[in-house]
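Accompanying notes for the structure given below.
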Amino acid sequence: MRKRHRHRIHHERAPDGTLPVTALHVGEAGYVRDLRLHDHALVQKLLTLGVTPGSRVKVIQRFPTYVLQIGYTQIAIDHHLAYAIRVQPDTES
(Lines give C-alpha, C1' and ligand atoms only; values in the text may rest on other atoms or scores of the structure.)
Protein backbone atom coordinates (compact mmCIF):
# COMPACT_ATOMS: atom_id res chain seq x y z
CA MET A 1 0.00 0.00 0.00
CA ARG A 2 1.28 3.43 -0.92
CA LYS A 3 1.82 5.98 1.79
CA ARG A 4 0.00 9.26 1.39
CA HIS A 5 2.27 12.26 1.51
CA ARG A 6 1.02 15.25 3.43
CA HIS A 7 3.03 17.77 1.43
CA ARG A 8 1.25 20.54 -0.40
CA ILE A 9 2.21 21.35 -3.94
CA HIS A 10 4.12 24.62 -3.64
CA HIS A 11 2.75 26.18 -6.81
CA GLU A 12 -0.77 26.22 -5.34
CA ARG A 13 0.14 28.90 -2.80
CA ALA A 14 -0.52 32.36 -4.19
CA PRO A 15 1.78 35.33 -3.49
CA ASP A 16 -0.75 36.50 -0.89
CA GLY A 17 -0.28 33.22 1.03
CA THR A 18 -3.68 31.75 0.18
CA LEU A 19 -4.41 28.21 -0.98
CA PRO A 20 -7.42 26.63 -2.64
CA VAL A 21 -9.56 24.58 -0.25
CA THR A 22 -8.56 21.55 -2.37
CA ALA A 23 -5.02 21.84 -0.95
CA LEU A 24 -6.26 21.21 2.59
CA HIS A 25 -6.46 17.70 4.02
CA VAL A 26 -9.39 16.23 5.94
CA GLY A 27 -9.50 17.85 9.37
CA GLU A 28 -7.62 20.97 8.29
CA ALA A 29 -9.25 24.39 8.24
CA GLY A 30 -8.72 27.85 6.85
CA TYR A 31 -10.27 31.30 6.68
CA VAL A 32 -11.91 32.32 3.40
CA ARG A 33 -10.03 35.19 1.77
CA ASP A 34 -11.32 35.14 -1.82
CA LEU A 35 -13.72 33.44 -4.23
CA ARG A 36 -12.06 33.11 -7.63
CA LEU A 37 -15.01 32.60 -9.94
CA HIS A 38 -16.07 34.56 -13.00
CA ASP A 39 -19.65 33.32 -12.85
CA HIS A 40 -21.63 35.69 -10.62
CA ALA A 41 -24.34 33.04 -10.06
CA LEU A 42 -21.77 30.61 -8.59
CA VAL A 43 -20.34 33.32 -6.36
CA GLN A 44 -23.86 34.06 -5.11
CA LYS A 45 -24.44 30.34 -4.50
CA LEU A 46 -21.33 30.09 -2.31
CA LEU A 47 -22.20 33.28 -0.43
CA THR A 48 -25.72 31.96 0.20
CA LEU A 49 -24.23 28.71 1.55
CA GLY A 50 -22.19 30.73 4.06
CA VAL A 51 -18.85 30.72 2.26
CA THR A 52 -18.06 34.36 2.88
CA PRO A 53 -14.74 36.20 3.28
CA GLY A 54 -13.53 35.75 6.85
CA SER A 55 -15.55 32.61 7.56
CA ARG A 56 -13.70 29.54 8.84
CA VAL A 57 -14.08 26.40 6.73
CA LYS A 58 -13.03 22.93 7.78
CA VAL A 59 -12.58 20.03 5.34
CA ILE A 60 -14.70 17.08 6.46
CA GLN A 61 -14.46 14.97 3.29
CA ARG A 62 -12.62 15.19 -0.04
CA PHE A 63 -14.07 12.32 -2.08
CA PRO A 64 -16.39 11.84 -3.95
CA THR A 65 -17.32 15.48 -3.25
CA TYR A 66 -15.88 18.05 -0.91
CA VAL A 67 -17.79 18.40 2.34
CA LEU A 68 -16.96 21.59 4.20
CA GLN A 69 -18.08 22.71 7.61
CA ILE A 70 -18.80 26.40 8.09
CA GLY A 71 -19.94 27.07 11.64
CA TYR A 72 -22.63 24.50 12.39
CA THR A 73 -23.43 23.93 8.71
CA GLN A 74 -21.96 21.29 6.39
CA ILE A 75 -22.10 21.75 2.62
CA ALA A 76 -21.15 19.44 -0.25
CA ILE A 77 -19.59 21.00 -3.34
CA ASP A 78 -17.73 19.73 -6.39
CA HIS A 79 -13.99 20.10 -7.05
CA HIS A 80 -14.47 23.12 -9.32
CA LEU A 81 -16.18 25.16 -6.61
CA ALA A 82 -13.81 23.94 -3.89
CA TYR A 83 -10.79 24.97 -5.99
CA ALA A 84 -12.23 28.48 -6.38
CA ILE A 85 -12.37 29.04 -2.62
CA ARG A 86 -9.06 30.58 -1.53
CA VAL A 87 -8.22 30.26 2.14
CA GLN A 88 -5.55 31.33 4.58
CA PRO A 89 -4.71 28.08 6.40
CA ASP A 90 -5.61 27.99 10.10
CA THR A 91 -2.35 27.09 11.78
CA GLU A 92 -4.16 26.06 14.96
CA SER A 93 -6.33 23.36 13.32
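The values are calculated or read from the model by the stated rules, or taken from the named source; none is laboratory data. Bear in mind the structure is a predicted one, so any value in this text is a computation, not a measurement. Reconstructed Cβ throughout: ideal geometry from the backbone, glycine too, with neighbour counts over all protein chains shown. For accessibility, only protein heavy atoms count, side chains too; no ligands or nucleic acids. Shrake-Rupley method; radii C 1.70, N 1.55, O 1.52, S 1.80 Å.
Kindly indicate whether Q44 is assigned to a strand (DSSP E or B), free of Cβ contacts under 8 Å to residues at least 60 places away in the same chain and open to solvent by 20 Å² or more (accessible area, probe 1.4 Å). Answer is no for this residue.
Just so you know, in region 58-92 the residues that are open to solvent by 70 Å² or more (accessible area, probe 1.4 Å) and part of a loop (DSSP other than H, G, I, E, B) include one that is nearest to H25 (Cα to Cα), and it is R62.
What about Y72, is it within 16 Å of P20 (Cβ to Cβ) and among the hydroxyl-bearing types (S, T, Y)? Judged against the criteria, Y72 is not a match. Scanning region 32-41 for residues that are part of a loop (DSSP other than H, G, I, E, B), open to solvent by 60 Å² or more (accessible area, probe 1.4 Å) and either in contact (Cβ under 8 Å) with a residue 60 or more places away in the chain or not basic (K, R) (or both) returns H38, D39. Filtered by the rule that a residue be open to solvent by less than 30 Å² (accessible area, probe 1.4 Å) and part of a loop (DSSP other than H, G, I, E, B), region 19-31 gives L24, H25.
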